[in-house]
Structures are given as C-alpha cells and as structure tokens.
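Accompanying notes for the structure given below.
The values are calculated or read from the model by the stated rules, or taken from the named source; none is laboratory data. Bear in mind the structure is a predicted one, so any value in this text is a computation, not a measurement. Quick reminder, even Gly has a Cβ in these numbers, built from the backbone with ideal geometry, and neighbours come from all protein chains shown.
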C-alpha cells in the first residue's frame, strides 16, 4: 500500500499568495485560534458549524471543510457529498452578510475548534477540502495533493489519474499540509489534504459529472 505512484504531469507551482503560503501574520486573518474568533464573533453572527455523523453511529472516516461557505467557496459543496450518509462531516461556514469572510480563516495547523478536534481524534482517516489562488494559471483546474499520509496521497493521485479529468496537479510550498498539528493529520492513521484552485472549485459546483468523479476518487483512496 506504500508503493509510490509516479504521475508524469505533476507540475511545480512556486508563486504563492499570502493566503496560499499561510505563513506570517496576515491582517486580513486576525484570529490565531478558534477561542479568539468565538470571543469576538459569536456563532450565528457571521459563521456557523455543520457537524454530521451517520445515523448508525460515528464512522471511521471524517470529511472536513474548515474554510467552508464563502471563506473558500466551493469547498462545502464537495465535502458534503463526499461524506454522504455514511461518513462523518464537519464544515466551518463563513456567511458574513457584508462579504468579509477572509477574516474568518483560521489556518489548518491552528484550527482548534473543539468539535473538529474531537471528530479527528475519533477517526481513523480524514480528508480536508480547501481552496487556493492559482496565480500562475488562474484559468486552470489545479489541485495540490497534500496531507501527512503518503499512502493516501499516492492512492488518491492514482485514482484521479485513472479518471482522466484533465486536472492539473501542482505542488505549492506552504500548502502541503504535512504539519502534525494540521486538523487533517490529527486522525489516528492519516490525513489527505486537497487544495483546489478557484477554477476547479467553480467547475465541480457546476458540473455534476466532474463532482461525482472526484467524490469517487476521494472515497476510493480512503477505503
């Protein structure tokens, strides 16, 4: 299961925006943890949490969209059907009526909302859906495959390649999601982090066939 899969069309993307790199203080993202955010802005003011577990009991698989809603548009729309009725789902949703959702972004390695931490700790495998700004090729459907589990990364890349969806695989420094404190890596066996360009997120929202293929690729890689 640990065999490395070599995919010839993986490209290197080096131009990162502050949002992409998620390093250093960013005045547009003032909260370094959930407690600070919740103290300043109570739930329901500009954000909400969606937490769902299967009717038959908690699953060993959890799907995260911690920058859902309008923080990273399109991430909730994929996370929900990936989880379906038989996997756990967690969405942190930004819905600021004034449209200022970027301030609600808490970086993955500092995302410490208690319900999310509890779900991750109780899960064997986790996948987290994110969005990034592809400044080199904004028109391309680009995807950065990360997370601490090399096994999950390789399995997902193989599943994606088999479906020939025309997605441009990139590697973005700062978005590889390898940190132990990253919410997706807090599960028991491993985490898979997917960072999608805006063009790809817009495409899967509009295209049911593309969305279904991505759902199958993700679920296949975590099985």
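Computed values, structure above
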{"read-out": "From the options 73, 42, 81, residue that is in contact (Cβ under 8 Å) with a residue 60 or more places away in the chain and out of contact with any helix residue (DSSP H, G or I) (no Cβ under 6 Å at 6 or more places or on another chain)", "value": "73"}
{"read-out": "Qualifying residue in segment 153-169 (condition: in contact with a strand residue (DSSP E or B) (Cβ under 8 Å, 6 or more places away or on another chain), in a loop (DSSP other than H, G, I, E, B) and more than 22 Å from residue 204 (Cα to Cα))", "value": "no"}
{"read-out": "Unique match (being part of a helix (DSSP H, G or I), surrounded by 15 or more Cβ atoms within 10 Å (Cβ to Cβ) and either modelled with pLDDT of 95 or more or under 15 Å from the mean Cα position of the chain (by Cα) (or both)) among 209, 199", "value": "199"}
{"read-out": "Strands (runs of 3 or more DSSP E) enclosed by segment 1-108 - at least 1 residues per element that are crowded, with 20+ Cβ neighbours inside 10 Å, modelled with pLDDT of 95 or more and under 15 Å from the mean Cα position of the chain (by Cα)", "value": "61-69, 88-94"}
{"read-out": "Some residue of segment 130-139 being more than 18 Å from residue 219 (Cβ to Cβ), in a loop (DSSP other than H, G, I, E, B) and modelled with pLDDT of 95 or more", "value": "no"}
{"read-out": "Criterion (farther than 25 Å from residue 50 by Cα, surrounded by fewer than 23 Cβ atoms within 10 Å (Cβ to Cβ) and touching a helix residue (DSSP H, G or I) at 6+ places or on another chain (Cβ under 6 Å)) met by exactly one of 174, 181", "value": "174"}
{"read-out": "Flag if residue 167 is crowded, with 22+ Cβ neighbours inside 10 Å, out of contact with any helix residue (DSSP H, G or I) (no Cβ under 6 Å at 6 or more places or on another chain) and either closer than 21 Å to residue 62 by Cα or at pLDDT 95 or above (or both)", "value": "yes"}
{"read-out": "Criterion: closer than 22 Å to residue 93 by Cβ, crowded, with 17+ Cβ neighbours inside 10 Å and modelled with pLDDT of 95 or more - qualifying residue of 116, 148", "value": "116"}
